[in-house]
Amino acid sequence: MDRSVIVVVSDRPDRSKALVDAVGSVAECRVVGLDETWDRIGAFRGVIADITLGRPEARSCLRRLASRPGRTRTPLICLTRSDSQSVFTEARNLGATMCLSAHAEPRMVVGSLVREVWPEKTVADLVVTREVKRTGAVMTSLLKSAQTGPVDMPALERGIEPVLDAIHEGGLTRWLDEVWTHDDVTFQHCLLVSGVAAAFAQSLQLSKADCQLLTRAALVHDVGKSRIPLNILNKPGRLDDDERAVMQTHAPLGHEILKASGSCDPVTLAVTRHHHEMLDGSGYPDRLSAAAIGDPVRLLTICDIYSALIERRPYKAPMPTRDALAILSGMNGRLEGGLVQAFARAVQDTP
Ligand SMILES: [Fe+2]
Ligand SMILES: [Fe+2]
């Protein structure tokens, strides 16, 4: 049972679309018509009525809502198409907990909805929770199919925009707090790196296309880990030499998985294979040095190391941002100093 469903009852679904999209950014939204009987609709947290109360079928619809058996007081926002006092009174009599003008901006309506339904949360909190859920669903299925075969690259596209929206709307800290509530190691890491990469790309004011490119690459950079044995992947503490050799195969393995999946862009392929390369040639799997390592890989490598440092594990205390940034700064020669400085500004400036 999804307790975060909001029902929009509308007698003009075409004109309610902007409202439905705005509600969809904070909750699951179901649109129903005036003939809704309310008895088979399942659980929901609130209702927005975008209807003309002068119509008898509109009033009947709200009366049926008010008389549902076992009903507790459901928040009901009526968008009124007239500002006469008699319409407000009628709406209140029909169970409205709030009346707003039907001409109000959808974002404003959503702000009021959140205050009515989730008074302890902000719109940004709900946007981030919802977007983590969306990208998380895409990544769960992608990582599962990667265990045995290729992945659905077109489906991955659905996971990209939610990351960029959530970072833009809610900031990196909210994203990290939400991601940390999920405990699967690879899932958590992919979402962590994607949020950090999105925040870095947005702070560098990269084009929308480049922000999407980096976020996509971040989401799948460790897809090869889905084929690493769990006893190595989840081992608390340090890996021995043999285990480390197995773990390091995740980069070429990921590259193979994405190549076999088709329609993967060259940047994502390069990031997946080379995100553990270092500018001084000390990385893996190809021991590339500076000239052979492109900018997107350099950028993602910084995001990846930072994310690994701040990750939360049952067996280790989370490292504070300041200490993680100090470690990155100390890797000068292996990481690009100027990029590390820009990264530190991005992470510290992002709410
Ligand atoms: Fe990796
Ligand atoms: Fe990684």
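Has the stretch 256-271 got any residue that is within 16 Å of ligand 1 (Cβ to nearest atom), in a helix (DSSP H, G or I) and open to solvent by 60 Å² or more (accessible area, probe 1.4 Å)?
yes
Only one of (1) touching a strand residue (DSSP E or B) at 6+ places or on another chain (Cβ under 7 Å); (2) among the aliphatic types (A, V, I, L, M); (3) surrounded by 17 or more Cβ atoms within 10 Å (Cβ to Cβ) fails for A58. Which number is that?
If we test A58 against (1) touching a strand residue (DSSP E or B) at 6+ places or on another chain (Cβ under 7 Å); (2) among the aliphatic types (A, V, I, L, M); (3) surrounded by 17 or more Cβ atoms within 10 Å (Cβ to Cβ), just (1) comes out false.
Count, please, the residues in the stretch 115-137 that happen to be surrounded by fewer than 17 Cβ atoms within 10 Å (Cβ to Cβ) and part of a loop (DSSP other than H, G, I, E, B).
The number of residues fulfilling the criteria is 4.
For E105, indicate whether it is acidic (D, E) and not assigned by TED's automatic domain parsing to the domain that holds T181. Walk me through it before giving the result.
Details: acidic (D, E): yes; not assigned by TED's automatic domain parsing to the domain that holds T181: yes.
It is true that E105 is acidic (D, E) and not assigned by TED's automatic domain parsing to the domain that holds T181.
Can V163 be described as in contact with a Leu (Cβ under 7 Å, 6 or more places away or on another chain) and β-branched (V, I, T)?
Working: in contact with a Leu (Cβ under 7 Å, 6 or more places away or on another chain): no; β-branched (V, I, T): yes.
Spelling it out, it is not the case that V163 is in contact with a Leu (Cβ under 7 Å, 6 or more places away or on another chain) and β-branched (V, I, T).
Name every residue in the stretch 156-187 that is open to solvent by 10 Å² or more (accessible area, probe 1.4 Å), in a helix (DSSP H, G or I) and closer than 26 Å to P229 by Cβ, in order of residue number.
Result: V185, T186, F187.
Scan the stretch 209-221 and give yes if some residue there is more than 30 Å from A346 (Cα to Cα) and of a type in the set (D, E), otherwise no.
Looking only at the stretch 209-221, we keep the residues that are more than 30 Å from A346 (Cα to Cα), and these are none.
No, the conditions are met nowhere in the stretch 209-221.
Run down G254, G237, G224 and say which single residue is assigned by TED's automatic domain parsing to the domain that holds D295 and out of contact with any helix residue (DSSP H, G or I) (no Cβ under 7 Å at 6 or more places or on another chain).
Details: G254 fails: out of contact with any helix residue (DSSP H, G or I) (no Cβ under 7 Å at 6 or more places or on another chain); G224 fails: out of contact with any helix residue (DSSP H, G or I) (no Cβ under 7 Å at 6 or more places or on another chain).
Answer to the selection: G237.
Out of all the residues in the stretch 168-184, is one or more within 16 Å of ligand 1 (Cβ to nearest atom), under 16 Å from R313 (Cβ atoms) and touching a helix residue (DSSP H, G or I) at 6+ places or on another chain (Cβ under 9 Å)?
Of the stretch 168-184, the ones within 16 Å of ligand 1 (Cβ to nearest atom) are 184.
Subset that is under 16 Å from R313 (Cβ atoms): 184.
From the residues that got through so far, the ones that are touching a helix residue (DSSP H, G or I) at 6+ places or on another chain (Cβ under 9 Å) too are 184.
Yes, some residue in the stretch 168-184 is within 16 Å of ligand 1 (Cβ to nearest atom), under 16 Å from R313 (Cβ atoms) and touching a helix residue (DSSP H, G or I) at 6+ places or on another chain (Cβ under 9 Å).
Are any residues in the stretch 244-254 in contact with a Pro (Cβ under 9 Å, 6 or more places away or on another chain) and more than 10 Å from ligand 1 (Cβ to nearest atom), and if so, which ones?
Step one: list which residues in the stretch 244-254 are in contact with a Pro (Cβ under 9 Å, 6 or more places away or on another chain), which gives 246, 248-249, 251-252.
Across the stretch 244-254, the qualifying residues are V246, T249, P252.
Out of the residues in the stretch 1-24 that are surrounded by 16 or more Cβ atoms within 10 Å (Cβ to Cβ) and at pLDDT below 90, state the one that is farthest from R68 (Cα to Cα). Full working, then the answer.
Here is the first cut: in the stretch 1-24, the ones surrounded by 16 or more Cβ atoms within 10 Å (Cβ to Cβ) are 4-11, 16, 19-20, 22-23.
In the following step, the residues that additionally are at pLDDT below 90 were identified as 4, 16.
Numbers: S4: 19, S16: 25 Å.
Per the criteria, the residue is S16.
So, G111, is that one at pLDDT 95 or above and either assigned to a helix (DSSP H, G or I) or on the phi > 0 side of the Ramachandran plot (or both) or not? Talk me through it step by step, then tell me what you get.
Numbers: at pLDDT 95 or above: yes; either assigned to a helix (DSSP H, G or I) or on the phi > 0 side of the Ramachandran plot (or both): yes.
Taking the combined requirement at face value, the residue satisfies it.
Of the conditions (1) open to solvent by 60 Å² or more (accessible area, probe 1.4 Å); (2) more than 28 Å from P266 (Cα to Cα), T148 clears all except one; give me its number.
Condition not satisfied by T148: (2).
In this structure, is L192 surrounded by 16 or more Cβ atoms within 10 Å (Cβ to Cβ) and touching a residue at least 60 places away in the same chain (Cβ under 8 Å)?
On the way: surrounded by 16 or more Cβ atoms within 10 Å (Cβ to Cβ): yes; touching a residue at least 60 places away in the same chain (Cβ under 8 Å): yes.
Spelling it out, L192 is indeed surrounded by 16 or more Cβ atoms within 10 Å (Cβ to Cβ) and touching a residue at least 60 places away in the same chain (Cβ under 8 Å).
Of the numbered conditions (1) under 19 Å from I302 (Cβ atoms); (2) at pLDDT below 95, G237 fails exactly one; give the number of that condition.
(1)
Which ranges mark the helices (runs of 4 or more DSSP H) fully within the stretch 198-250 that have 2 or more residues being within 15 Å of ligand 2 (Cβ to nearest atom) and surrounded by 21 or more Cβ atoms within 10 Å (Cβ to Cβ)?
In the stretch 198-250, the matching helices (runs of 4 or more DSSP H) lie at 208-220.
So for the stretch 88-95 (the condition being open to solvent by less than 20 Å² (accessible area, probe 1.4 Å) and not assigned by TED's automatic domain parsing to the domain that holds R174), does at least one residue qualify?
Within the stretch 88-95, the subset open to solvent by less than 20 Å² (accessible area, probe 1.4 Å) is 91, 94.
Still in the list and also not assigned by TED's automatic domain parsing to the domain that holds R174: 91, 94.
Yes, that holds for at least one residue.
Please enumerate the residues belonging to the stretch 31-61 that are at pLDDT 90 or above, assigned to a loop (DSSP other than H, G, I, E, B), hydrophobic (A, V, I, L, M, F, W, C) and out of contact with any helix residue (DSSP H, G or I) (no Cβ under 8 Å at 6 or more places or on another chain).
Once the filter is applied, which keeps residues that are at pLDDT 90 or above, assigned to a loop (DSSP other than H, G, I, E, B), hydrophobic (A, V, I, L, M, F, W, C) and out of contact with any helix residue (DSSP H, G or I) (no Cβ under 8 Å at 6 or more places or on another chain), the stretch 31-61 yields only F44.
Could you grab me the full set of residues in the stretch 104-114 that are in contact (Cβ under 8 Å) with a residue 60 or more places away in the chain and surrounded by fewer than 16 Cβ atoms within 10 Å (Cβ to Cβ)?
Going through the stretch 104-114, the residues in contact (Cβ under 8 Å) with a residue 60 or more places away in the chain turn out to be 106-107, 109-110, 113-114.
Selection gives R107 alone.
The values are calculated or read from the model by the stated rules, or taken from the named source; none is laboratory data. Since the structure is predicted, the reported quantities are computational estimates derived from the model, not experimental observations. We place every Cβ from the backbone using ideal geometry, glycine too, and count neighbours over all the protein chains shown. Calculation scope for accessible area: heavy atoms of the full protein, side chains included, ligands and nucleic acids excluded. Shrake-Rupley method; radii C 1.70, N 1.55, O 1.52, S 1.80 Å.
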